[in-house]
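As structure tokens, the structure follows; a few thoughts come after it.
The values are calculated or read from the model by the stated rules, or taken from the named source; none is laboratory data. Fair warning: this is a prediction, and the values are worked out from it, not measured in the lab. When we count neighbours, we look across all protein chains shown, and the Cβ atoms used for this are built from the backbone with ideal geometry, even at glycine. Just the protein is used for accessible areas: all its heavy atoms, side chains included, with ligands, DNA and RNA removed. Shrake-Rupley method; radii C 1.70, N 1.55, O 1.52, S 1.80 Å.
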Amino acid sequence: MSVLSTAVLGARQRLRVDVVPRASTSLAVSAGSVVSLAPSLLPRTPAVQGVLTGILVSVLWGLTTLVRRHTPAAGSGTRTVAAAASAVLLVGSVASADHWQNSLRAAMTLPGTDAAYWVQTGCWAAAVCLAGFVAARATVAGARRPGWRGATVLGVVFTTLCWFVVPASTAAAAQHFRSTNVEGERFLAGTSDPRAVRTYAGLDTAPDVTGRAALAVRELDRAGGFARGHVVVAVPTGSGWIDGEAARGLERRFDGDVAIVGQQYSYAPSWVTFLFDRGDAAESARALFSAVSAHIAALPAEARPALHVYGQSLGSVGGSAIFENPAATDATCSALWAGPPAGVVDTDGAVVLANSSDPVVWWSPALLARAPDLSRVRVDAPVPHWIPFVSFVQTTVDLVFARDTPTGHGHRYGADQGLRMPGCGSAAETR
């Protein structure tokens, strides 16, 4: 055999090997795709599904790249088998995910998926994988060129910018809310019954929770709220939001003979408050409840309205903290929690309204190792089986889009929140 023939044969063999991806690459693609396409709680857009798939595949590819540096290279036969198995898994995962997505969409009265959906998903996944590959290569090359000293300087500069810029932008957003008091204005303006009363104490109306609670009670008394048959202490979410649908439901539930009072404790989004300032919700809820219940207790027995507590999401965390004091239980007619976060809300004795498709009801670090407690949810859509780690990943992604659903699904609750508030007529309805 001539030298030229040998060279051509070698080139052909290398080409055949290079066309078939490494076994580790096939493993990363199949594993990342299977995890990302596992059943979710909420319908996914092509962009969300594609980005998730791309991220997981990129991360797993990076990990397998590190591992394969310390392991012998697989032969062409192994590569071929791995690529074929990966293709089968990918096709099966897409078919299963298509069925699941359409089941969710049917339950939520949304349009189903089609071929264009999966083409777009694939494009997003490929783009993210490519971006991850380029970024990884650029990072490695950049770290090598200036050396560790230069890389360290870049890291310090980036961290410093984040340290100063992010808090500055957050402060600017907080200042906007201080100047407009958006959530309080929306709540007060949304009254659906002229006989009902709503009062709200904004965060900057008094220097502390006790002062705000006293102000809320004075305003409630001035507006005639204590002359109504029912008073509801509504604990807001982190930003001060009280669901208008819930308030309108309460006004319908009590036929306008109700006063609803809320007190703001933060300007930050609920997830920020939940992670870093959860105690503020509890402290504010206790202060407002104590002030309202004390005022009611001072009224003549025949003139005392029934006292209720309502909280949605982070509001239910603050609301349940009220009943850590046994005296609060005796003073309360009923309590209702909508979409309570998993594992942090005492639901004993309270009415719970929770959608099975609500990721807030599912998510907690414990989801990594054990199935969620769904004993008090209402099934509004197909419920996925719990899978260790995979369910945590899927639920974490769904958290970001928990309210991007029709009312009655995900973390969106309608007027039925208020309509479900029990009265005080039977032992089963009281705490």
**Prompt:** With every protein chain kept in the model, how would you rank Phe289, Phe392 by accessible area, 1.4 Å probe, largest at the top?
**Reply:** Phe392, Phe289
**Fill in**
FRET efficiency for Ala303 and Leu374 from the Cβ-Cβ distance with R0 = 56 Å, rounded to 0.05, comes out at 0.85
**Prompt:** Can you give the accessible area of Glu185, probe radius 1.4 Å, in Å² rounded to 10?
**Reply:** 110
**Request:** Pop out the ³J(HN,Hα) list for region 32-37 in order, Karplus 6.51 cos²θ - 1.76 cosθ + 1.60 with θ = phi - 60°, rounded to Hz; leave Gly and Pro as x.
**Result:** x, 5, 4, 5, 5, 9
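If you average over every viewing direction, what projected area does the convex hull of the Cα atoms of region 228-382 give, in nm²? Don't skip to the end; give the middle numbers.
Working: hull surface 38.4 nm².
Orientation-averaged projected area of the Cα hull: 9.6 nm².
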**Complete:** For Arg212 the rounded accessible area (nearest 10 Å², probe 1.4 Å, non-protein molecules ignored) is 20
**Fill in**
Under the 7 Å Cα-to-Cβ spin-label approximation, Ala131 and Phe389 lie apart by a distance in nanometres of 2.5
**Message:** For Leu89, what accessible surface area do you get with a 1.4 Å probe? Give it in Å², rounded to 10.
**Reply:** 90
